[in-house]
Structures are given as structure tokens and as C-alpha cells.
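Down below is the structure, laid out as C-alpha cells.
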Amino acid sequence: MKQAKVLIVDDEARILEILKLYLENQKFEVYTASSGQEALELLEKIEIDVIVSDLMMPNIDGTQLCRIVKNEEKYNNPYFIMLTAKTTIDSKIEGLKIGADDYITKPFNVKEVIARVLAGTRIKKLQNDVLEKNKELEKYKANMEKEIYMASRFQKSLIPRKGKVTDEISIDYLYIPAIQIGGDIFDIKEQPNGNVAFFIADVTGHGIVAALIAAILKLSFVQACSLYSSPYDIAQKINKDLLDTTTDEQFVSLFIGVIDTRNMELKYIRAGHPEQFLKTQGKIVELGGDGFLIGITDNLLITEQKIAILPDDIIYLYTDGITEAQNNNEELFGINRLKNTLIRKDDLTAVLKEIKFFTTHFDDDITLVKINISVNNFF
């Protein structure tokens, strides 16, 4: 076990000799200094665990020495015991204010000094242990932040680019994870038959696990789009992949749509996800339908729906991080407020400004996707 290092500071040689002798008998590594200045010079070379210092010394006295040692990080905050002939409460309070850890009144009992130094070394060891743990935690935190940053970059790479998907379909969106990585995911793909499939999903929870599941959903959707033409079949594929790769505790709400611009219709399924919106001729139509969360059972309880679309219609996809955002009165932003906002505004930046005006704090991921349908040759 490492020996504790003790520094005795006193301008009386007899006290230095006595304390040095007794403390060395207790297996301490003992150093002495006859003045505050000498003590500081020694502290520049040696890391001391406990200082036992006289209060009354010429030039740099015990109070000044304590203040310097406690205020400068390079001295590593040794446990500081003050020796003093002053017995007044005020003098002790003053010493404690500047950082002294303990007081011993002269004339002292050597056994008391030894007991106080032993206590001081235990406290100092505990402090060092805490500091070491804190350093380890800081290192761990830095590594985790780096990992989360890389995961965040990866997750953002899964999000489609804004702009044209085909000549007739384009996409814009707001995507703001509650933390650096989140459980919201969406995508849009042109299918081999010329249709355009899209999906939005909300994984339970936040953080790395939710982000990993979101990545699985994205990969499954891309694969399904090349194999299946209907939203129901795409959902079945995603549900199977989710059941094969995740635990029972992870569920997903999902909305999948397929845009057919030749027949001007939208087919979709809703699996536990909020009703999404179709903005047509200045009005909002809710895209409802029955359907339970996916990732629970291989018997997918959903019904495929169909609705006619028109040129210049807009499909809005969102997750409940928007509708469940609260203001200071714990009032929800709500579906109706979102619908009214989207009726009045098409620009997503303006929509976000209105959401932020309602609430400046989001407890969940914020995702709002805008899909424009522009069919020039409809007539």
C-alpha cells in the first residue's frame, strides 16, 4: 500500500522533530518545512497528502499558506490541518472559510495529532478515489459522445435527400431528434413499376437502441419496395424483419403509402401511427384506417386503404413528438392545431416556427415530412 505523504510546517524545530518522529513511527512518509515559503518550494516537487501547519509564522503564515495551497490546482488539494494557540471560535471559522480541513489547538497531544492525520489520509484517499472515478467517467463520457456523434451522422445518412424523387414527386421535411439520435425514421423510394412508396415510423424510446431499430426499418423498407407493390405487403415484410431481429420490448408505429400517379390514387396502411394528412384543394383530409403496432405478432392486424389524389396535393407525415409537445400550461399542441397550421402554411420553416412559438422544449423526436404531388400531364 502506498505510504501517505505528510508535510509538517512550523517555525519551531522542536515541534518539527517531535511530530516527524511520531508520524514516521506510524509509517507515514514525512517532510518538514520551517516556513510557509519553504513549504511552497517543497510542494512544487512533491505531491503531499496531508499538511500539518502552524498558524503563526513569519512572512507566509498558516492562513496564507492554506489559502495558496487550496486555491491552486497544481497542489492537488491536500488535507490541511492547522496548529494554533488561538482558541477563539472566530479564528477557527476564518481558517475553515479559507479551506482548512481541521484544527488542533496548542499545546497538542501527539496521539491526537496522529489520529487527525490518519483521518485526514483516509479522507484524502477517498477524495483521490472520487477524482479518479470522475476522470474515468469523463473519459467514458467523451467516448460515448464520440460514439453518439458517429451514430447521429450514420442515422442522418439514412434520411432521404430533400428535393425530387421523380419528375412528379418531391420531398421536404423537418427532422429534429430529441437527443442526437432518435427513434423516428422515414424514407421514400421509386418502385420498379413506377409508383412511389414511402413510410414513416416511430420506434418506442430514444437513443442508440431506437436508432438501431430505425436503421433495420429503413433497410427492410428498401428491400420490400423492390419486391412488393402494395403497402400491406411492404408492412408484412417490415414486421417479419422486426420480429426476427428485436426483443419483445420494442414496438413500432408505422405508416406506409404508395403513390400511383397513373391512376391518381394513394394506397396506404396505418399500424398504430397517428392519422396522417392529405392536403387537397386547401383542405386537410385525415388518412385513417385500422391497424395495430408492428413488432408484436406475426399476425399483422392492418387494413389497406385507398384514396384519390389530385395534382398539387400534398401528403404530410408526422410523428407524435409534434402533437404531444406541451406549453407551460401542459397543453398539447394537438392534432387540430397541427391541421390548422398546415392549412395556413405550406413552408415547413414557418410551420416549425409556429410549433416553437407554442413550446420551446421537446421531449420527443420531431419529424414532419412533406410530399408534393405535381402531375403536369393529368388533363
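What follows draws every value from the coordinates through simple rules; no lab data is involved. Nothing here was measured: the structure is a model prediction, and the numbers come from that model. Neighbour counts are summed over all protein chains in view; Cβ atoms, including those assigned to glycine, are modelled from backbone coordinates with ideal geometry.
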So, relative contact order of region 1-127 in percent, Cα under 8 Å, 6 or more apart, is 23
For Kirkwood radius over Cα pairs in Å, several values are listed as (1) 21.4; (2) 24.9; (3) 26.1; flag the one computed from this structure.
(3)
How large is the direction-averaged shadow of the alpha-carbon convex hull of region 159-373, in nm²?
11.1
Output wanted: per-residue J couplings in Hz (rounded whole) for region 211-218, from phi through Karplus 6.51 cos²θ - 1.76 cosθ + 1.60, θ = phi - 60°, x for Gly and Pro.
5, 5, 5, 4, 5, 4, 4, 4
Electrostatic dipole magnitude of the chain [Cβ: Lys, Arg +1; Asp, Glu -1; Cα centre; debye, to 20]
360
Would you pull out the residues with amide H under 5 Å of residue 287's amide H, same chain only if 5 or more places away, H placed 1.01 Å from N?
276, 277, 278
For region 1-124, what size does the Cα cloud have along each of its three principal axes, sorted from largest down, in whole Å?
38, 32, 27
DSSP-loop GluC sites (Glu not before Pro) across region 1-45, with at most 13 other Cβ within 10 angstrom
12, 44
Provide the per-residue ³J(HN,Hα) series for region 118-127, in order, calculated from phi with Karplus coefficients 6.51, -1.76, 1.60 and θ = phi - 60°, each as a whole number of Hz, with x at glycine and proline positions.
4, 4, x, 5, 5, 5, 5, 4, 4, 4
Mind putting together the pair-distance distribution for region 293-334? All Cα pairs, 5 Å bins, whole percent per bin, short to long.
5, 14, 11, 13, 16, 19, 13, 8, 1
Considering only 263, 316, 355, whose Cα is most displaced toward the positive end of the charge dipole of region 159-373, charges sitting on Cβ of Lys, Arg (+1) and Asp, Glu (-1)?
263
Determine the sum of side-chain charges near residue 114: Lys and Arg each +1, Asp and Glu each -1, restricted to other residues whose C-beta is under 14 angstrom from that of residue 114.
+2
Expressed as a rounded percentage, what relative contact order does region 147-253 have, with Cα pairs under 8 Å and six or more residues apart?
23
Percent antiparallel among DSSP beta bridges with both residues in the chain, to the nearest 5?
75
Furthest towards positive pole of dipole, 154, 276, 201, structure part the chain, Cβ charges:
154
What is the spin-label model distance, in nm, from residue 18 to residue 363 if the labels are put 7 Å beyond Cα along the C-beta direction?
6.5
Amide H of residue 184 versus every other amide H placed in the peptide plane: which residues, excluding those fewer than 5 positions away on the same chain, fall under 5 Å?
203
Taking placed amide H atoms and a strict 5 Å upper bound, the residues 5 or more places from residue 265 or on another chain that come that close are 260, 309
Percent relative contact order of the chain, based on C-alpha pairs within less than 8 angstrom and at least six residues apart?
12
Roughly how many nanometres apart are two label points built 7 Å out from the Cα toward the Cβ at residue 41 and residue 59?
0.8
